[in-house]
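No value in this document is a laboratory result; all are computed from the given coordinates. What you see is a predicted model, and the numbers here were worked out from it, not measured in a lab. A quick note on method: Cβ atoms are made from the backbone with ideal geometry, for glycine too, and the neighbour counts reach across all protein chains shown.
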C-alpha cells in the first residue's frame, strides 16, 4: 500500500469545507457523489456508482423527478464532472470505492452519508463556516 500523501490532512479539511459549502439533499447529491467518485478514482481506487451499487426501487422518500433533474443541472453548474453525473442516473447517487492493498488480511468498510439536511445555516460572523468562508451556499 502506498504511503499516504503528506497533503492529506489539508486535503481532508478542504474537501469537507467544499462539501459543506454545497449541501445537497438525499438522492440529489450529484456534485458531492461525483466529487467523491472522481477523487477516489484519482487516488487509485476502483469506483462503482449509480445503478452499479443502488436499486432504484429500494429507495424511500425519493424527491419528485423535477427536483432530481434540477439538482443534476445545479451540480453541473457548480462544477461536477459530467461523466460521473451521468453515471449517477436519476437520483442513484451511491458511490462505492474499493482499494485492494494486494495483501491478505481483514477487510475494512466505511460508510458515509453524503446528503445534507434542509436547514438554513447561521451566517453570523461568530459561526465558523461563515467566518472562514465555507458557509452553505443554499
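Quick check: from the Cα gyration tensor, does segment 22-132 come out rounded (a/c under 1.5), prolate or oblate? Oblate shape, in that a/c is at least 1.5 and b/c is the bigger or equal ratio.
Rounded to 0.05, the FRET efficiency of the residue 111 and residue 21 pair, given R0 = 25 Å and the Cβ-Cβ distance, is 0.65. With a Förster radius of 41 Å applied to the beta-carbon distance between residue 62 and residue 3, the computed FRET efficiency rounds to 0.50. By the beta-carbon count within 10 Å of each Cβ, the least crowded to most crowded order of 87, 138, fewest first, is 138, 87. Look at 19, 30 and count the other Cβ atoms within 10 Å of each Cβ; fewest to most, that gives 19, 30. As a proxy for reagent exposure, 121, 29, 86, 132 were ordered by neighbouring Cβ count within 10 angstrom, fewest first; the result is 132, 86, 121, 29.
Computed extension gain for residue 128 through residue 86, at 0.36 nm per residue and net of the alpha carbon distance, reaches 11.7 nm. In this label model, residue 138 and residue 46 are separated by 3.4 nm, measuring between points 7 Å along each Cα→Cβ vector.
Take every Cα pair under 8 Å whose residues are at least 6 apart in sequence, average their separation, divide by the length of segment 22-132, and the relative contact order is 43 percent. Within the listed set 106, 82, 118, the residue fluctuating most in the Gaussian network model of the chain (springs between alpha-carbon atoms under 10 angstrom) is 106. Dividing the convex hull volume of the alpha carbon atoms of segment 81-125 by its residue count gives 195 Å³ per residue. Return the FRET efficiency for the residue pair residue 98, residue 76: r is the Cβ-Cβ distance, R0 is 22 Å, and the value is rounded to the nearest 0.05. The pair residue 98/residue 76 has a calculated efficiency of 0.25.
Classification of segment 46-91 by its C-alpha gyration tensor yields an oblate form. The axis ratio a/c (a ≥ b ≥ c) is 1.5 or more, and b/c is at least a/b.
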